[in-house]
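Okay, so here's the structure we're looking at.
The values are calculated or read from the model by the stated rules, or taken from the named source; none is laboratory data. Everything numeric here is computed off the predicted structure, so don't read it as measured data. In this analysis, Cβ positions are derived from the backbone assuming ideal geometry, glycine residues included, and neighbour counts consider all displayed protein chains.
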Amino acid sequence: MITINNLLKSKRIRSKQQPSLPLRALALAVLGLLASASGVRAQEPGVTPSAIRVGSVLDLEGESKMRGRAIKAGLETALKNEKVQGRAIEYLVLNDSFNPKAAVEATRQLVDQGAFAMLGNTGGPSIKAALPLLAENKVPAVGFPIGVDFLRNGKGDIVNLRASFAQEAALVLDAALSSGIKPQEICAYLPNDAGGISNLAALTKILAKQPNMADTVSKLEQIIAMTGDEPNRNGIGPVGFFTRHTQMQARPGYDSLKQWEKTANTRCRLVMTVGGTNLPLTNFISYSRYKGETWPISVTSQVEVTTFKDDLKKNKVLDKIVLTQAVPALDSSLPIVEEARKALGERFDSSSLEGYMVGKMFVTILRNVKGEITRSSFLDAVRGHSFDLGGLSLDFTNDNQGSDFVQLLALEDGAFKPKTAQQLQQLLKK
């Protein structure tokens, strides 16, 4: 086999004094001529005659490992035995333990191995750190299972399956306002990282549309504008923050909310958590109940639901928790859900379902490619198109997000039960 390194080596042996062209440029030119002469075309990265190689960077050992492992199980199951244009899907997975630096290194490794696309990466800070590398190498980012805004307007070739955190938060916020809760009584508890600030910005946009919110929005914008490595954002506005390395300590964020209640002469009638993983949210909810608070608390779809529910029950939290999900209910009769339930067996939950749906969406788009499979033709096959994913409609005609589906649930007697917006309004009035 002729390679660039072999050509360079032979060139150095035969002549060290004819630098008419830089050696690497000369080698590339020769290879181009050879390929042209033999009718061989350079393969698209990650695409071989027998396989299409894709990768994931997931938290498999860190604070969100249960969700990362479930996403992995869903993706593996969805891609197993699938073939497109006679090619199997080769799936490579690396762990980043919810560490942005590790995520960048793992992403670089998969890019160097020729990953055609990245599927289902987890962790807001990790994803944000790795996105520029994906954009630089024109690697599509497909179905990352978080709803942060920077994936909706982010740099690079991004294809989202699910609704955004902003859509999830807006549905809860609309129900809260309709129940009689004032916008000044909406508070938040967020991670003090890139994902948390992105989610706070989305929440601020929603609150800015409400009357008499100028002063509060000004404080939120002050928090968002702070720079540096995890500055202390507590004690400024109606937000409590936690950091990943102190996630066991819920008190600073709790104290921030209590300070806001005192200085603003109001009370938190709803605390919205947008982003964040199981452990810090469970600790905050349990600590606030220990301190005698009965705040209703809303949680978006980044949690691993089964573990989250069990941990709340251990801490005797059985009600007043609102949960939004960006995938259908587990008992749904939609064909995609029934298919995933059968294929995943005991591993079937909301997170593995999302991973499964991402895998099936990727295969569905690949099958819509006309002609040769390239990254460019893959993106052409999704942009401006609509798909039916086993009864769930995906529409990419106006943006890079397929589904706007959001499911409302509320914790009652230790179990999360589906609710309509009207039912949630009644719960929040109590």
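Details
- Total residues in region 224-260, condition of a type in the set (D, E, K, R), touching a residue at least 24 places away in the same chain (Cβ under 8 Å) and farther than 22 Å from ASN99 by Cβ: 1
- Test: residue in region 84-98 that is outside any loop (DSSP other than H, G, I, E, B), under 14 Å from the mean Cα position of the chain (by Cα) and surrounded by 23 or more Cβ atoms within 10 Å (Cβ to Cβ): no
- Yes/no for THR306 being among the hydroxyl-bearing types (Ser, Thr, Tyr), within 23 Å of the chain's Cα centre (by Cα) and at pLDDT 95 or above: no
- Residue in region 186-196 that is in a helix (DSSP H, G or I) and more than 26 Å from GLN407 (Cβ to Cβ) present: yes
- Checked against the criteria, LEU173 counts as assigned to a helix (DSSP H, G or I), in contact (Cβ under 8 Å) with a residue 40 or more places away in the chain and assigned by TED's automatic domain parsing to the domain that holds LEU207.
- Residues of region 330-349 that turn out to be in contact with a Leu (Cβ under 9 Å, 6 or more places away or on another chain) and touching a residue at least 60 places away in the same chain (Cβ under 8 Å), as a count: 3
- The single condition among (1) farther than 20 Å from MET357 by Cβ; (2) assigned to a loop (DSSP other than H, G, I, E, B) that LEU110 does not satisfy is (2).
- When LEU110 is tested against (1) surrounded by fewer than 19 Cβ atoms within 10 Å (Cβ to Cβ); (2) touching a residue at least 12 places away in the same chain (Cβ under 8 Å); (3) of a type outside the set (Ser, Thr, Tyr), just one condition goes unmet, and that condition is (1).
- Among the candidates VAL322, VAL317, VAL271, the residue that is assigned to a loop (DSSP other than H, G, I, E, B) and surrounded by 19 or more Cβ atoms within 10 Å (Cβ to Cβ) is uniquely VAL317.
- Taken together, VAL322, VAL327 contain a single residue that is in contact with a Leu (Cβ under 9 Å, 6 or more places away or on another chain) and either modelled with pLDDT under 95 or under 22 Å from ALA141 (Cα atoms) (or both), which is VAL327.
- Yes/no for ARG251 being closer than 21 Å to LYS313 by Cα, outside the structural domain of PRO145 (by TED's automatic domain parsing) and surrounded by fewer than 23 Cβ atoms within 10 Å (Cβ to Cβ): yes
- Boolean, ILE236 is in the same structural domain as ILE285 (by TED's automatic domain parsing), part of a loop (DSSP other than H, G, I, E, B) and at pLDDT 95 or above: yes
- Unmet requirement for GLY359, which otherwise passes all of (1) out of contact with any Gly (no Cβ under 9 Å at 6 or more places or on another chain); (2) within 21 Å of VAL305 (Cβ to Cβ); (3) small (Gly, Ala, Ser): (1)
- From the options ALA201, ALA250, ALA225, ALA188, residue that is touching a helix residue (DSSP H, G or I) at 6+ places or on another chain (Cβ under 7 Å) and either polar (S, T, N, Q) or more than 23 Å from VAL305 (Cα to Cα) (or both): ALA201
- Scoring MET226 on the criteria (1) over 27 Å from LEU428 (Cα atoms); (2) surrounded by 18 or more Cβ atoms within 10 Å (Cβ to Cβ) leaves a single failure, condition (2).
- Between VAL139, VAL148, the distinction of being modelled with pLDDT of 95 or more, crowded, with 19+ Cβ neighbours inside 10 Å and not assigned by TED's automatic domain parsing to the domain that holds ILE321 belongs to VAL139 only.
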